[in-house]
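Down below is the structure, laid out as structure tokens.
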Amino acid sequence: MKTWELGDQKGIASLRMAERAEPKPGPGQAVIAVKACSLNRRDIGIAGGTYGAAKPATRIPLSDGAGDVVAIGPDVTGVKVGDRVTASHYTTWLDGTFDPSVRNADLGVSIDGWLTERAVIPAAALVPIPDKMSYAEAAALPVAAVTAWSVIEGLGRIKSGDIVLTLGTGGVSIFALQIAKMNGARAAITSSSDEKLARCKDLGADIVVNYKTRPDWDKAIRDQTGGRGVDIVVETGGFATLSQSLAACAPNARVGMIGALAGRPEAPPALFPMVGNNITLKGITSGTRRMFVELLKAMDATDMKPVIDKTFAFDDAVNAYQYMVDSDFIGKIVVSVG
Amino acid sequence: MKVWEIGEQQGLGSLRAATRPEPETTRGHAIIKVRASALNHRDLMIIAKRYGANVRPETRVPLSDGAGEVIAIGEGVTDVKIGDRVVANMFADWTEGAWVPGLFGADYGNTIDGWATERLSAPARSLAKIPDHLSWEEAATIASAGVTAWNILEPFGHLKAGDTVLALGTGGVSVWGLQLAKAAGARVIITSSSDQKLAKVKALGADIGINYKTTPDWDKAVLDATHGAGADIVLETVGTGTLTRSINAAAFNGRIGMVGGLDAGQPQLFGLVAKNAVLGGITVGNRRMLVDMLKSVGAAKIKPAVDKVFAFDDMPKAYAYLESAAHIGKVVVRHD
């Protein structure tokens, strides 16, 4: 079978195609005939050797994917051959609070991922795909959509009528917008492009602000919420935007800082609104398998479809990476396999 | 009756004694014969015009904490009766639910008259009955510091037995946090600049005391004392100047309740993300939290740490003593 490997991690060009024997499942493992994968921002860092310690050159990249179970190892009970599945990328974080050890079994990072014709995945992490959801749609979800769900539901405990703010139009942000809308909330979103904001309006965004023309976008959002501010922030802009996000918050707001996108602040964020407004700020490192199951149930019930910007062929996976670096994409970039 | 007023708010010297007619009984209000009151750091800020919008009249009666006996009730009052021993929630209108900024409109000792008086007319919906084992002086310390600590530990922190709680300093919120956390089966670490104060908090039940003068990297000391795990809940009573170390000292999924000043230092927040930790701004709490906290105080027979008691006529001395920061626990004033 054909597989992609990280190679020496000096950049996208280090990615290399390899030929391997068909994998056999060990105890607790399933072999998946991969149908689709998707990219996340951190995959660029992993390919460039800037995301944690160096990985083995033979590591198979990508945390997101979906396919069919074609073989199961001993002691696998939750899935059977023929099941359509995706997986929680922290394969040992099934439920409960965060434990740093989950990083030791992270698909495409610390264990082999999805960018291969046949993937070996810990069966406990697998999640069945709803019948009406395509493989490409399912493959778009594990990192970005579960992260958005973790902020909005896990931390934010969204209620209908809440206002959710998210920054930019990347994968997490677009999912945040859609998850807010499916929960009966209003969605506010920022971008530097009026064209992208128009697209967000089509997706249901209630409040859109161009942060290029409105550098005081926190005030613009406050004005458009009748002065009240927002209840939940999916903070995809990192520490650089945190001061303004906090300034846009309503009393009792919940702010989720997304780990991989956080970066390091140039200036310390202004925390002053936090005490006076009883704001909660939490670091979010994706979410649990349980959250993923809840998300799929909600998507199935509300017919929510992921926004897929562009799909690349398996042999063109390098171009998918390059497209993520170069283009003004909205939502997710998918690789079709097989 | 005698009251104290905040006067021109130019500092401690502005505090002035005055005489007023007895309060009248009005609808929804109870008249309380005040038996003791207690001071908080913000009372020093209010008297110096360094708190909030600073639009208080000179005749404002200070102090948000006190305890007393109901001696009259107005029409429509059903929750308390004459003879009840009561305290009041600091935000008189915050009975239940989530915070709204408008609650500052009825804030004892700030936007409405407080406890530095012989008789107080209080909205009855803000009152809660105190456990029998508490003296007036002890009960007077509860409302703001005690409820703040409770809010961080329970509604915000979801404290469980076996959790490690870190409290910074030996002020009212920290010492209340220590006592409430111990009552709930937690392990408690307290920092102070004084070994003498650390000995006192250990006598109150603290498991570990860390002198941050002699151990400036006290965050590492907290990690060492917890086998690298860190504190599950942090009572961040100091402010942004200590926040970086508080985050360092926190456990994965730690809850850091922030009540302190937000004007100093350059906090590094990256640890929040790496640890999936939560940082929450805490503005005291609601009456429901006060009632829940009093239930715990009654069940565990907690005796609040009263540092020193002053006579009502010596109110300025109580302020000066609080400002000297020599206290552990609360500075109290007796009213009889």
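The table that follows gives values for the structure above.
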| item | result |
| --- | --- |
| Residue identified as touching a residue at least 12 places away in the same chain (Cβ under 8 Å) and either crowded, with 16+ Cβ neighbours inside 10 Å or within 29 Å of residue A:254 (Cα to Cα) (or both) among B:76, B:83, B:52, B:102 | B:52 |
| Residue match in region A:50-71 (condition: open to solvent by less than 10 Å² (accessible area, probe 1.4 Å) and over 20 Å from residue A:312 (Cα atoms)) | yes |
| From the options A:53, A:33, residue that is outside any loop (DSSP other than H, G, I, E, B) and in the same structural domain as residue A:309 (by TED's automatic domain parsing) | A:33 |
| Qualifying residues in region B:227-259 (those that are open to solvent by 10 Å² or more (accessible area, probe 1.4 Å) and in a loop (DSSP other than H, G, I, E, B)) - the one nearest to the other protein chains (Cβ to nearest Cβ) | B:259 |
| Any hit, region B:311-332, residues being in contact with a helix residue (DSSP H, G or I) (Cβ under 9 Å, 6 or more places away or on another chain), basic (Lys, Arg) and open to solvent by 20 Å² or more (accessible area, probe 1.4 Å) | no |
| Residue ID - surrounded by the fewest Cβ atoms within 10 Å (Cβ to Cβ), chosen from residues in region B:260-297 that are of a type outside the set (Val, Ile, Thr), facing another protein chain (nearest Cβ under 7 Å) and under 17 Å from the mean Cα position of the chain (by Cα) | B:280 |
| Top-ranked residue of region A:151-173 - restricted to ones that are farther than 19 Å from residue A:249 by Cα and assigned to a helix (DSSP H, G or I), ranked as nearest to the other protein chains (Cβ to nearest Cβ) | A:172 |
| Test for residue A:3: is it touching a residue at least 24 places away in the same chain (Cβ under 8 Å) and under 22 Å from residue A:88 (Cβ atoms) | yes |
| Selection from region B:127-151 of residues that are open to solvent by less than 10 Å² (accessible area, probe 1.4 Å) and assigned to a loop (DSSP other than H, G, I, E, B) | B:134, B:140, B:141 |
| Test: residue in region A:84-103 that is within 24 Å of residue A:321 (Cβ to Cβ), surrounded by fewer than 21 Cβ atoms within 10 Å (Cβ to Cβ) and free of Cβ contacts under 8 Å to residues at least 60 places away in the same chain | yes |
| Subset of region B:1-21 (residues that are open to solvent by 60 Å² or more (accessible area, probe 1.4 Å) and hydroxyl-bearing (Ser, Thr, Tyr)) | B:19 |
| Test: residue in region B:200-216 that is touching a Gly at 6+ places or on another chain (Cβ under 7 Å), within 28 Å of residue B:303 (Cα to Cα), away from every other protein chain (no Cβ under 14 Å) and not aliphatic (A, V, I, L, M) | yes |
| Hits in region A:174-220 - residues which are part of a strand (DSSP E or B) and of a type outside the set (Ser, Thr, Tyr) | A:186, A:187, A:188, A:189, A:207, A:208, A:209, A:210 |
| Matching helices (runs of 4 or more DSSP H) fully within region A:251-338 where at least 1 residues are closer than 21 Å to residue B:281 by Cα and among the β-branched types (Val, Ile, Thr) | A:272-276 |
| Lone unmet requirement of (1) at pLDDT 95 or above; (2) surrounded by fewer than 24 Cβ atoms within 10 Å (Cβ to Cβ); (3) under 30 Å from residue A:155 (Cβ atoms) for residue B:211 | (3) |
| Selected residue [in the same structural domain as residue A:242 (by TED's automatic domain parsing), under 27 Å from residue A:196 (Cβ atoms), surrounded by 16 or more Cβ atoms within 10 Å (Cβ to Cβ) and out of contact with any His (no Cβ under 7 Å at 6 or more places or on another chain)] from A:269, A:306, A:273 | A:269 |
| Of the criteria (1) out of contact with any helix residue (DSSP H, G or I) (no Cβ under 6 Å at 6 or more places or on another chain); (2) modelled with pLDDT under 95, which one residue B:172 fails | (1) |
| Filter result for the condition that a residue is assigned by TED's automatic domain parsing to the domain that holds residue B:219 and in contact with a strand residue (DSSP E or B) (Cβ under 8 Å, 6 or more places away or on another chain), over B:103, B:120, B:153, B:127 | B:153 |
| Residue list for region B:1-48, filter: at pLDDT 95 or above and basic (Lys, Arg) | B:2, B:16, B:20, B:27, B:33, B:35 |
| All positions within region B:152-171 that are charged (D, E, K, R) and in a loop (DSSP other than H, G, I, E, B) | B:160, B:163 |
| From the options A:136, A:148, residue that is surrounded by fewer than 23 Cβ atoms within 10 Å (Cβ to Cβ) and among the hydrophobic types (A, V, I, L, M, F, W, C) | A:136 |
| Residue A:109 out of contact with any Cys (no Cβ under 8 Å at 6 or more places or on another chain) and open to solvent by less than 20 Å² (accessible area, probe 1.4 Å) | yes |
| Filtered residues of region B:39-62 (kept if more than 19 Å from residue B:260 (Cα to Cα) and in contact with a Leu (Cβ under 9 Å, 6 or more places away or on another chain)) | B:61, B:62 |
| Criterion: part of a helix (DSSP H, G or I) and in contact (Cβ under 8 Å) with a residue 24 or more places away in the chain - qualifying residue of A:46, A:60, A:121 | A:46 |
| Selected residue (criterion: least open to solvent (accessible area, probe 1.4 Å)) from residues of region B:298-307 that are over 20 Å from residue B:237 (Cβ atoms) and charged (D, E, K, R) | B:303 |
| Filtered residues of region B:286-301 (kept if closer than 19 Å to residue A:280 by Cβ and either assigned by TED's automatic domain parsing to the domain that holds residue B:247 or among the β-branched types (Val, Ile, Thr) (or both)) | none |
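Residue by residue, here is whether (1) away from chain B (no Cβ under 14 Å); (2) crowded, with 21+ Cβ neighbours inside 10 Å holds:
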| residue | (1), (2) |
| --- | --- |
| A:281 | no, yes |
| A:287 | no, yes |
| A:292 | yes, yes |
| A:299 | yes, yes |
| A:302 | yes, no |
| A:311 | yes, no |
| A:314 | yes, no |
| A:322 | yes, no |
| A:327 | yes, no |
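The values are calculated or read from the model by the stated rules, or taken from the named source; none is laboratory data. In this text, all values refer to a predicted model and were calculated from it rather than measured experimentally. Heads up, the Cβs are rebuilt from the backbone with ideal geometry, glycines too, and the neighbour counts pull from every protein chain shown. With ligands, DNA and RNA removed, areas are computed over all heavy atoms of the protein, side chains included. Shrake-Rupley method; radii C 1.70, N 1.55, O 1.52, S 1.80 Å.
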